[in-house]
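Peer 1: Sharing a structure with you now.
The values are calculated or read from the model by the stated rules, or taken from the named source; none is laboratory data. None of these values were measured; they are calculated from a predicted model. All Cβ positions, glycine included, derive from the backbone under ideal geometry; neighbour counts span all protein chains shown.
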Amino acid sequence: MFNAKYDNPLDDFTRNNLAFSRTDLENVLLGLTDTLYKKVKKPKRSINRDVIKYLRKNYPEFEKLTPKEVKETKEEPVKIKKTGGDVTGLWYKKLLKTGTTKTTKWETSTKVEIFTYEQNDECRYLSLMEAALKEMDYTEEIAETGYSSSRDSAGEFSPYQFESAFLKIESVKGGAVSFEGAVTLEDLSETPC
């Protein structure tokens, strides 16, 4: 039976190779026969089964193929799995930071930082600002904001992929944190940043 520990080497390989075939995946596991398949009498047969199970689990087009059809496509490239809008595997961290905040009664210094990850470089300034303002109900205006979008591979494993974000609101004086945690973003139509 296919064990999840076999996913790790295959996940690493597929993440780092944009084009690969079923044979390439078999070769990855074949190279690990000493560690993964110690007690198996016919490791090649187990490797074939494990690769097919991995493909069926991670690539929907393989779920519908019969074992014979899978064998016939052994040397054909596997289509890259789409997980967002970008098939290259690039992730972008969209970060919004603020400077001072102002209310009708007083001017305060509050640091606000909110970020999300996404597989395209679409501007998310308004979405991030709106989510921050919802948690800052005492604030009428946020001044001195900074927004950036930069490539960051950590997005692939982050729980804060768009439409989820991480928000932290803290006082500059004393460092008291008034909010820290996950928030939901709305998909607002935004102008280019």
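Peer 1: I'd like to check something: does region 36-54 contain any residue that is in a strand (DSSP E or B), at pLDDT 75 or above and farther than 30 Å from GLU163 by Cβ?
Peer 2: Within region 36-54 (the criterion being in a strand (DSSP E or B), at pLDDT 75 or above and farther than 30 Å from GLU163 by Cβ), the answer is no, since none of the residues qualifies.
Peer 1: Restricted to region 73-102, and to residues that are small (Gly, Ala, Ser) and on the phi < 0 side of the Ramachandran plot, which residue is modelled with the highest pLDDT?
Peer 2: Here the answer is GLY99.
Peer 1: For residues that are among the hydroxyl-bearing types (Ser, Thr, Tyr) and part of a loop (DSSP other than H, G, I, E, B), scanning just region 123-175, find the one that is modelled with the highest pLDDT.
Peer 2: Here the answer is TYR160.
Peer 1: Please state which one of LEU25, LEU65 is outside the structural domain of GLU113 (by TED's automatic domain parsing), assigned to a loop (DSSP other than H, G, I, E, B) and modelled with pLDDT of 75 or more.
Peer 2: On inspection, the qualifying residue turns out to be LEU65.
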